[in-house]
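Working notes, structure below.
The values are calculated or read from the model by the stated rules, or taken from the named source; none is laboratory data. All figures in this text were calculated on a predicted structure; none of them were measured in a lab. Methodologically, a virtual Cβ is constructed for each residue, glycine included, from the backbone with ideal geometry; neighbour enumeration extends over all protein chains shown.
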Amino acid sequence: MSRSRRNVWRSRRNVSPGRRNVSPGRRNVAVVTSDSGGAAPPAPDVPGPPDLPAIPVSAGALIFDPENRLLILKPTYKSGWTIPGGVMEADGETPWQACQREVREETGIEVRRGQLACMDFRRPRPGKPGGIRFLFRCDGVDDRDLAAIVVQPEEISAYQIVALTDALRLLRRPIKRRVRAACAGRGLVYLEDGLPAPEVGGPRRQRP
C-alpha cells in the first residue's frame with residue numbers, strides 16, 4: 001500500500017490567505033458565508049457545527065484471469081492473504097483512482113476498466129478505525145498482464161492466481177466476506193461489517 005498506509009484520513013484544516021484562524025469549536029460567520037465580493041463587516045464569533053467525522057476509505061481489486069482464477073497477495077505486514085488494494089489518499093483521490101494506484105504499486109498491473117461490486121461499512125472498534133471499503137471487479141486484464149506481475153517487495157512477499165474456492169479458504173476473514181458477496185452474481189452489494197444489511201437490497205415491496 002506504500003504511502004497509502006499512512007493515516008491519510010486525519011482531518012486537515014486549510015486556511016486561505018487573509019483569513020484568520022478560529023478555534024476548533026467556533027467559526028466566524030462572516031468569513032464562512034460572505035460572498036459579496038467586498039469586505040464583510042465583522043461579526044462576533046458564534047458556535048459552529050462540530051468537526052465532521054473522519055472516516056477512512058479503502059479500495060480493493062478483484063482481478064481474474066481468463067480461466068476465472070483470482071489474483072491474491074501475501075502481505076509482509078499482516079498474516080494471511082489479501083487482494084490488491086489499500087487506503088485512499090486524502091488529496092482528492094477517488095476510490096476508483098485509489099484502486100488503480102494500489103494495483104499498480106503492488107503488482108505493476110495497469111487496470112483501466114472496472115465495475116463497483118461491493119461496498120462494506122466497517123464500524124470502528126477499540127484500536128481499529130473502521131471505515132468504508134470499496135471493491136471493484138477489474139476488467140481487461142489478460143495473461144500477458146498477469147505474467148508480467150512485479151510485486152512491491154516492501155509490502156508483498158508472494159502472489160498466487162487460484163480458483164475462487166481456494167482463494168476464499170486463504171483470504172483473511174473480512175476480505176473473504178466481501179469477495180464472496182461480490183462474486184455471488186447479485187450486482188452491486190452493500191454490506192455492514194461484512195454482512196448483508198436486511199433493510200438494503202431485498203425485494204422491493206409494492207405499495208398497497
task: Just need a number here: residues in segment 142-159 that are more than 18 Å from Arg112 (Cα to Cα) and among the small types (Gly, Ala, Ser).
output: 2
query: Taking segment 82-91 as the search range and keeping residues that are in contact with a helix residue (DSSP H, G or I) (Cβ under 9 Å, 6 or more places away or on another chain) and not hydroxyl-bearing (Ser, Thr, Tyr), which one is surrounded by the fewest Cβ atoms within 10 Å (Cβ to Cβ)?
result: Glu89
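The rows are residues; the columns are (1) under 24 Å from Glu67 (Cβ atoms); (2) surrounded by fewer than 17 Cβ atoms within 10 Å (Cβ to Cβ); (3) aliphatic (A, V, I, L, M).
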residue	(1), (2), (3)
Asp166	yes, yes, no
Ile175	yes, no, yes
Gly185	yes, yes, no
Leu191	no, no, yes
Val200	no, yes, yes
- request: Residue by residue through segment 129-154, note down the ones that are closer than 28 Å to Ala90 by Cα, of a type in the set (D, E, K, R) and touching an Asp or Glu at 6+ places or on another chain (Cβ under 7 Å).
  value: Arg133
- prompt: Can you tell me which residues in segment 92-112 are at pLDDT 95 or above, surrounded by fewer than 17 Cβ atoms within 10 Å (Cβ to Cβ) and of a type in the set (D, E, K, R)?
  reply: Arg104, Glu110
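Taking the criterion of being closer than 21 Å to Thr76 by Cα, among the polar types (S, T, N, Q), part of a strand (DSSP E or B) and touching a residue at least 40 places away in the same chain (Cβ under 8 Å), would at least one residue in segment 150-167 satisfy it? Steps first, please.
Within segment 150-167, the first condition is being closer than 21 Å to Thr76 by Cα, and the residues that meet it are 150-162, 166-167.
Within this subset, residues satisfying the condition of being among the polar types (S, T, N, Q) are 152, 157, 160.
Those left that are additionally part of a strand (DSSP E or B): 157, 160.
Then drop every residue that is not touching a residue at least 40 places away in the same chain (Cβ under 8 Å), which leaves 157, 160.
Looking for residues that are closer than 21 Å to Thr76 by Cα, among the polar types (S, T, N, Q), part of a strand (DSSP E or B) and touching a residue at least 40 places away in the same chain (Cβ under 8 Å), one finds at least one in segment 150-167, hence yes.
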field: Members of segment 95-149 that are among the polar types (S, T, N, Q) and part of a strand (DSSP E or B)
entry: Gln115
task: Name, by its number, the condition in (1) within 15 Å of Leu71 (Cβ to Cβ); (2) among the charged types (D, E, K, R); (3) not in a strand (DSSP E or B) that does not hold for Arg180.
output: (1)
